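> Pasting a structure here, questions to come.
Read-outs throughout are calculated quantities, based only on the coordinates presented, and are distinct from any laboratory measurement. Everything quoted here is computed from the prediction, not taken from an experiment. With ideal geometry, Cβ positions are generated from the backbone for all residues, glycine too; neighbour counts draw on all protein chains shown.
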Amino acid sequence: MTSRLDKWIEARGRSIAKRTSRRGIFAVLGGGLVGIASIPLLPVARAAGGGDASPSVAPQTTGKLNDPGDPTRCDYWRYCGIDGFLCACCGGTTSSCPPGTEMSPITWVGTCKNPADGRNYVISYNDCCGTTSCGRCLCNRNEDDKPMVRPQANNDINWCLGSTTEAYNCSTAIIVGLAVDDPAAG
């Protein structure tokens, strides 16, 4: 029985070898590997969240008339150039990191318009580092994002590289001041 099975496998192997080349096999295997590696890039259920707060995060307010909006929602005015998880959903605030994390000393900046007073403000987006990603309230808005050649205004860099650990947790949005080109500032 074993010899018949061996002969059958040998015949099938030789038949395949006659019809294909090593390069052809490697091309098929390489294509399969690339296909499998690209599966995480597919837009599976990412649009379902819509960038809003997850259901377990209660809506919040800043409580200030000059700072309107819900910091747990992606449409909050300060988040016009943010890319990451919102610290307001992760145990921190728009300007402070959650416990157990540290604020990165390097940052990217954007300019956002406050709907309360119609003025443009410079916003510093600082990543909070030290623990794994929060995974709540993902927000990716690129309204003031610049190309990688202008890293200080690019939100696609892991800004935790300047911290004691490179583990990213969430992002803050700190008001630095009025934008220089704001006509109301002068």
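> How many nm separate the modelled label positions at residue 117 and residue 22, each set 7 Å beyond the Cα in the direction of the Cβ?
7.2 nm
> Quick one: if the Förster radius is 25 Å, what FRET efficiency do residue 11 and residue 33 give, using the C-beta to C-beta distance and rounding to 0.05?
0.30
> Let me ask you something else. Which order do the peptides 75-83, 109-117 come out in when sorted by mean C-beta neighbours inside 10 angstrom, highest first?
Order by mean packing, descending: 75-83, 109-117.
> Given the C-alpha atoms of the range 2-41, compute the convex hull and give its volume per residue in Å³.
Cα-based convex hull of the range 2-41, divided per residue, equals 75 Å³.
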